[in-house]
1. Lys and Arg at +1, Asp and Glu at -1: add these up for the other residues within a Cβ distance under 12 Å of Thr77 and post the number.
2. Would you mind checking which residues have amide H under 5 Å from Leu8's amide H? H placed 1.01 Å from N; only 5 or more apart, or other chain.
3. Rounded to the nearest 10 Å², what accessible area does Met139 have for a 1.4 Å probe in the complete protein model?
4. At R0 = 22 Å, how high is the FRET efficiency between Lys115 and Lys57 if r is their beta carbon distance? Nearest 0.05 is fine.
5. Could you tell me whether region 76-126 comes out rounded, prolate or oblate from its Cα gyration tensor? Rule is a ≥ b ≥ c as square roots of the eigenvalues, rounded for a/c under 1.5, then prolate if a/b exceeds b/c, otherwise oblate.
6. Using a 1.4 angstrom probe and counting only protein chains, how large is the accessible area of Asp118 in Å², to 10?
7. Cα-Cα over 19 Å: which of Lys21/Lys82; Lys21/Lys57; Lys57/Lys93?
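The values are calculated or read from the model by the stated rules, or taken from the named source; none is laboratory data. Because the structure is predicted, anything quoted here is derived from the model rather than measured. Cβ sites come from the backbone with ideal geometry, for glycine too, and all protein chains shown count toward neighbours. Areas reflect the complete protein model, heavy atoms only, side chains present, ligands, DNA and RNA absent. Shrake-Rupley method; radii C 1.70, N 1.55, O 1.52, S 1.80 Å.
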Amino acid sequence: MDKTKITLVSSDGVKFTTSLKALYYCEQFRGTQQILSPTQPIIDEEQVLDLHSVELKEIVEYINYHQNDDDSASSNTEDAQKWDEEFIRRVTKDRNQHLRLLVAADRLTITPLFKMLDRELISQMPNKSLDDLNEEQKMMLKNQYPWLLPKK
């Protein structure tokens with residue numbers, strides 16, 4: 001077993017291989033029992049996630065691209081910004097996929113991806129704020145997308 005690679009398995013059984021360093025970009029996996037650090041060995045060579053392969057494919061592409069962000073200033077370069085813009089443009093064409101990917105980024109605690117997807121979602125909304133919504137609309141949003149509204 002290659003101790004620097006891990007296979008992620010989607011809920012529909014599709015496998016994606018990525019590096020431990022890339023997976024460490026997901027805050028959810030930092031400090032868990034399965035993944036100790038980006039350089040230490042893992043217990044399981046396959047990690048089954050409760051994500052469909054469509055979303056997991058995009059997540060793996062994103063973390064693979066950004067896995068070296070902490071090592072350099074690459075996250076601030078024009079190339080990285082252009083890549084992010086193209087990635088967001090591509091994955092948000094379909095509203096349902098956009099929302100599923102937003103939930104996946106939140107579930108795996110990939111904060112930079114979550115923030116970009118969230119900003120894109122907000123930019124697509126007509127010029128309204130939460131203050132412009134009535135209580136019924138707020139409840140509908142809260143029931144459909146509980147992660148979208150802040151908790152009191």
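1. -3
2. Phe16, Thr17, Thr18, Gln47
3. Accessible area, nearest 10 Å²: 100 Å².
4. 0.60
5. oblate
6. For Asp118, the solvent-accessible surface is approximately 40 Å².
7. In this structure, Lys21/Lys82 lie more than 19 Å apart at Cα.
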